Each structure stands twice: as structure tokens, then as C-alpha cells.
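Following: one structure in C-alpha cells, then a few remarks.
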Amino acid sequence: MIKYVLFDLDGTLTKSGPGIMNAAKKALEHFGIEENDPDKLRKFVGPPLTESFGERYNMNTEEMMTAIAVFRKYYSSTGIYENSVFEGITDMLQSLKDKGLLLAIASSKPRPQIGIVVDHFHIRDYFDVIMGCELDGTRSQKKEVVEEVLKQFGELSGDSSVLEHSIMVGDRKYDVNGSRECDLECIGVTYGYGTRKELEEAGAAYVVDSVKELGEKLLELSRE
């Protein structure tokens, strides 16, 4: 029986692609890289920025940190508002709260930015725990974020069996991989920025195609 649900933010709760893609484009332009391929820019949605800039554009540590700073400057002032909540999310979250489930955001996004998003879209009150990375890079990996959320769920509930009653929800392989590294199952959603193939190959326990289907699956798991 599921009692605790961890949600990724970008591509799972909110349609954040436009703002992230524009911020990535701005950061790459700082280095004279003109990236106009939307498929390549879309790949910035989900993984840690260190991976996106460092591995995909072969940046050294200094360049990578500069790129991240440029990205965050644009995103914090403009890109963060180039965003919207997926249709049906608030109704789904309310139905889960009515069921008595504890909910969390477990994102690779910096915590201050998560705070801006949840306040802007008036969804903060649905979540018992909100966790992301820190601006200094602490908890930059999804596994670390998931571990911290599970720890806080345990402290809130006094439940020593939080892990066996929890599930992750995300739209990219990073969510699946991070949860699996914590021995946690993950529901993959295809309405975000990942594909069914990506999610299935990563080992998602379930894959759903809509917010409605996600809500139904979570309520089903909460009754088992």
C-alpha cells in the first residue's frame, strides 16, 4: 500500500520546458554556441545542469559553473515564469491529499527556485516535503534528493517502513534511476519530456500517458 508519493517537478507537475530551454540557449550563447535545435535544448529538462553542460558540451569545471550561473540568472528572472501546471494536476493532488497520502517534491532544481514555482502556481500547500539541490551543488544527484525526502517523511510520520510504502513519479530516466538507487519504484509519465521507451528501458515499474491515468494508478496503489 502506497502512503507516500515523491513527485519530480519539471515535466511531471509543470510544463517548464520553454523557460529551461531559453535559459540553456542563453547560457550556450555566452560561449558563442548557437544552439537552435529544440530537441537538443529539450534535453536540458530533467538532468542536473552539471551533466547537461559538462558532458554534452565538453565544458571544464570553470566553464560549466559559468554556464550554470548564466542559466540561473535568466531562469530566475524570466524563465521560471515561462511555465505552467499541467492540466488536471491540482485536482489529482487534492484527491491524493483527501486519501491521506503524504506528498513531496523531489527535484534536481535548486530549492529556492522550487519555492518560487510552487508559490507562483499556488500548489505549495499540497506538499508535506519540498526538496531539491542547494545552490552550492549539494544534493545535485536525484538519488540524494530522494534519500533526503524519505528521511523527512520518516521524521514527519514516525513510520519506520516509509521506503516500502513510497513511490516516485517522474518523466525522465534520471527520476527512475535515482529512485531505483534508493530501492524505490517509479511511475514514469509520458506527458512530460521523456518517452515511453526511455522510461521502460530505465526500469519504471509503471508508465502512464496522462495526468488522469497517473491519479488513477496512485489511488489504486494506495488501496492495495
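Taking 0.36 nm per residue of sequence separation and subtracting the Cα-Cα distance, how much length would be gained by fully extending the chain between Asp136 and Ser157, in nm to one decimal?
Details: separation 21, 0.36 × 21 = 7.56 nm, distance 2.95 nm.
Length gained, Asp136 through Ser157: 4.6 nm.
Run through every distinct alpha carbon pair of segment 17-81 and return the Kirkwood hydrodynamic radius in angstroms, one decimal place. It would help to have the intermediate numbers written out before the result.
Values: mean 1/r = 0.0878 Å⁻¹.
One decimal place: 11.4 Å for the Kirkwood radius.
Out of residues 5 or more away from Val85 or on other chains, whose amide H comes under 5 Å of its own, with H placed 1.01 Å from N in the peptide plane?
Sorted by chain and number, the residues that satisfy this are Lys15.
Counting each pair of different Cα atoms once, what's the Kirkwood radius of segment 116-224 in Å, rounded to one decimal? Provide the component values of the computation, followed by the final result.
Values: mean 1/r = 0.0673 Å⁻¹.
Answer for segment 116-224: a Kirkwood hydrodynamic radius of 14.9 Å.
With a bin width of 10 angstrom, please list the P(r) values of segment 45-96 as percents of all Cα-Cα pairs, from the 0 bin to the one holding the largest distance.
Spelled out per bin, shortest first, that is 22, 34, 24, 16, 4.
Say each of Glu87 and Arg56 gets a label point 7 Å from the Cα, pointing the same way as Cα to Cβ; how far apart are those two points in nm?
2.8 nm
What span do the alpha-carbon atoms of the chain cover on each of the three principal axes, reported in whole Å from largest to smallest?
Sorted largest first, the three principal extents are 54, 34, 30 Å.
Summarise the long-distance tail of P(r) for segment 110-170 by giving the % of C-alpha pairs beyond 20 Å.
Working: 591 of 1830 pairs.
So the portion of pairs separated by more than 20 Å is 32 percent.
Per-residue counts of other Cβ atoms within 10 Å, averaged by peptide: what ranking do you get for 200-208, 184-192, 145-153, highest first?
On the way: 200-208: 18.0, 184-192: 24.1, 145-153: 21.2.
In descending order of packing, they fall as 184-192, 145-153, 200-208.
To the nearest 10 degrees, how steeply does helix 89-98 sit against the main Cα axis of the chain, on a 0 to 90 scale?
Around 30 degrees separate the two axes.
What percent does the relative contact order of segment 17-81 come to when contacts are Cα pairs within less than 8 Å and at least six residues apart?
Details: 59 pairs, mean separation 31.0, N = 65.
In percent, rounded to a whole number, it is 48.
Among 212-218, 167-173, how do they line up from the highest to the lowest mean number of other beta-carbon atoms within 10 Å?
Packing proxy ranking, top to bottom: 167-173, 212-218.
Read the figures in this text as sums done on the coordinates, not as results from a lab. Since we're looking at a predicted model, the values are computed, not measured. In this analysis, Cβ positions are derived from the backbone assuming ideal geometry, glycine residues included, and neighbour counts consider all displayed protein chains.
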